[in-house]
Amino acid sequence: MKKVTLGNTGLSINPLIFGTLPLGPLQAGLTPEEGGRLIRHALEQGVNMLDTAELYQTYPHIRAALNGYKGEVLIVSKTHAPDGAQARAHVERGLRELGMERFDIVHLHGAKIADPFRERKEVLEELLKMKEEGKIAHVGLSSHYVSAIRKAADHPEIEVVHPLINMTGMGIIDGSAEEMAASIRACKEAGKGIYAMKALAGGNLIPQARQAIRYVLNVAGVDGVAIGMLSEAEIDANLALFHDNTADEETWKGLESRRRRLSIMANFCKGCGKCLDACASGALAVTDGKAQAAEDACILCGYCAASCPEFVIRVV
Ligand code: SF4
Ligand code: SF4
C-alpha cells in the first residue's frame, strides 16, 4: 500500500490516518473493545498512524487495538494544557495509559488559540524538553486558525502541522479554505509534515463525503488526512478512495446517507456556560438558561462535551 513521507520527519505514513475522536465518549461512546476492533482492522489493512488527544479519551481503545499486534504503528497525541506542568502531565499520563515510552508526534492542541507561539509558549517549551528526554519524537501544532498554521512555517521546532481544512471552509476561524491552503503551502515549503483534519467538517459534509475527501487529498502539500471511522466498511471504502481513487457506489451511498448532530439534553443543562469556552467555532449560546448550538456553525467536534460538568452533550 502506498506510503508518503511526512515532511522532514522521515516518518513513512499511510495517507489515511485513523482519527480516533469519534470512537470515544465525546461521540459514539464505543467500548475500548469495540473501538479497538475497528482500529485493529484498519491497522491490518495497512493504516499505520493513529490520531488521538488527551481530550478524546481514546487511549483505552488504542491500547485494546494494539494488544498482541506486531506491526508498525505511529501514535500521535495532543495536549490542550494551558501551561507546561499540565502539558507534561498529559504526555506522561498518555504514555502510561498506552504502556509506551514515546509518542511519535505530540501536537500543541491549539484549535482555538490564535497565536500559540505567544499564548502557549511555555507549553511548547515543555514539549520540546520532553522531546530531548525522548518522550516525544516530533512536536507538532494542530489548529483551526489560518494565521497559526502560517506562523508555524517560520518555526523550525514545529515539524508537523495538523490544520483544519474542508471544501466549504467550515470551522476555519479566521479565513477561507483557500487561505488555509496557502498557509499549508507555506508549511510545505518549510519542510513540515502536514496531515489535515475535519475534511467532512465533523460530519456536516457526509452527504458529499467522496467529493469532500477528494478535495482535501488534492490540496497541495497535504500528506495525509485523519478520518474518524465507525465501521469496517467505512475503513475499507476510505482505503480504496485514498489509494485507488475508487468508490463503490452502493457502499458510499450508504455512508453518505448517515446523519450526525449535536445532542444537548436540555432537561439536565444547568446553563453554566462552561461549554461556550470550549467551542472554537462560536456555535454555542445559553438562551433562557439552556445551552443551544447553531447548526450552521457547529463542526460536530464534540469538544464542548468534554467541558460540560453535567455530561449532557454528545455528538450522536
Ligand atoms: S458546539 Fe460543540 S461540537 Fe459544535 S463546534 Fe462547538 S465545541 Fe464543537
Ligand atoms: S456546560 Fe453543560 S450544563 Fe453548562 S451550559 Fe453547557 S451544556 Fe449546559
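Under the condition of being under 28 Å from Pro207 (Cα atoms) and surrounded by fewer than 16 Cβ atoms within 10 Å (Cβ to Cβ), which residue from region 287-297 is farthest from ligand 2 (Cβ to nearest atom)? Outline the logic, then answer.
First, pick out the residues of region 287-297 that are under 28 Å from Pro207 (Cα atoms): 291-297.
Narrowing further to those that are surrounded by fewer than 16 Cβ atoms within 10 Å (Cβ to Cβ): 292, 294-297.
Values: Gln292: 9, Ala294: 14, Glu295: 16, Asp296: 19, Ala297: 16 Å.
It comes out as Asp296.
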Search result, residues across region 270-295 that are free of Cβ contacts under 8 Å to residues at least 40 places away in the same chain and away from ligand 1 (no atom under 11 Å from the Cβ) | Gly271, Cys272, Gly273, Lys274, Val286, Thr287, Asp288, Gly289, Lys290
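Looking at region 251-273, which of the residues that are polar (S, T, N, Q) and away from ligand 2 (no atom under 12 Å from the Cβ) is nearest to Ala212 (Cα to Cα)? Step through it out loud before you land on a result.
Taking region 251-273 first, the residues polar (S, T, N, Q) are 251, 257, 263, 267.
Cutting the leftovers down to away from ligand 2 (no atom under 12 Å from the Cβ) gives us 251, 257.
Working: Thr251: 16, Ser257: 14 Å.
Across region 251-273, the extreme among qualifying residues is Ser257.
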Can you tell me which residues in region 296-311 are touching a residue at least 60 places away in the same chain (Cβ under 8 Å), more than 6 Å from ligand 1 (Cβ to nearest atom) and farther than 15 Å from Ala285 by Cα?
-> Ala306
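Please find, among Ala212, Ala278, Ala294, the residue that is modelled with pLDDT of 95 or more and not assigned by TED's automatic domain parsing to the domain that holds Glu159. Steps first, please.
On the way: Ala212 fails: not assigned by TED's automatic domain parsing to the domain that holds Glu159; Ala278 fails: modelled with pLDDT of 95 or more.
That would be Ala294, the only listed residue that is modelled with pLDDT of 95 or more and not assigned by TED's automatic domain parsing to the domain that holds Glu159.
Yes/no matrix, rows are residues, columns are (1) in contact with a helix residue (DSSP H, G or I) (Cβ under 6 Å, 6 or more places away or on another chain); (2) of a type in the set (Lys, Arg); (3) more than 26 Å from Glu33 (Cα to Cα):
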| position | (1), (2), (3) |
| --- | --- |
| Met180 | yes, no, yes |
| Arg185 | no, yes, yes |
| Lys188 | no, yes, yes |
| Met197 | no, no, no |
| Gly203 | no, no, no |
| Val216 | no, no, yes |
| Gly221 | yes, no, yes |
| Gly228 | yes, no, no |
| Ser231 | no, no, no |
Picked from region 229-243 (must be touching a residue at least 24 places away in the same chain (Cβ under 8 Å) and part of a helix (DSSP H, G or I)), the residue farthest from ligand 1 (Cβ to nearest atom) is His243
Do we find a residue being at pLDDT below 95, within 14 Å of ligand 2 (Cβ to nearest atom) and on the phi > 0 side of the Ramachandran plot anywhere in region 307-315?
-> yes
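If a residue counts only when it is crowded, with 18+ Cβ neighbours inside 10 Å and of a type in the set (D, E, K, R), which strands (runs of 3 or more DSSP E) contained entirely in region 1-116 have at least 1 such residues?
Details: elements: 16-19, 49-51, 74-79, 103-109.
Strands (runs of 3 or more DSSP E) meeting the threshold: 49-51, 74-79, 103-109.
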Close pairs from region 116-139: first assigned by TED's automatic domain parsing to the domain that holds Asn8 and under 17 Å from Phe103 (Cβ atoms), partner among the polar types (S, T, N, Q) and surrounded by 22 or more Cβ atoms within 10 Å (Cβ to Cβ), Cβ under 7 Å, at least 6 apart | Val123/Thr79
Picking from Leu284, Leu300, Leu276, the residue that is of a type outside the set (Phe, Trp, Tyr), under 22 Å from Gly110 (Cβ atoms), near ligand 2 (Cβ under 9 Å from one of its atoms) and touching a helix residue (DSSP H, G or I) at 6+ places or on another chain (Cβ under 6 Å) would be Leu284
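Please work out if Asp248 is farther than 24 Å from Gly169 by Cα, surrounded by 14 or more Cβ atoms within 10 Å (Cβ to Cβ), more than 16 Å from ligand 2 (Cβ to nearest atom) and without any contact (Cβ under 8 Å) to a residue 12 or more places away in the chain.
yes
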Look at Arg314 and say whether it is within 12 Å of ligand 1 (Cβ to nearest atom) and charged (D, E, K, R).
-> yes
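The values are calculated or read from the model by the stated rules, or taken from the named source; none is laboratory data. Nothing here was measured: the structure is a model prediction, and the numbers come from that model. Methodologically, a virtual Cβ is constructed for each residue, glycine included, from the backbone with ideal geometry; neighbour enumeration extends over all protein chains shown.
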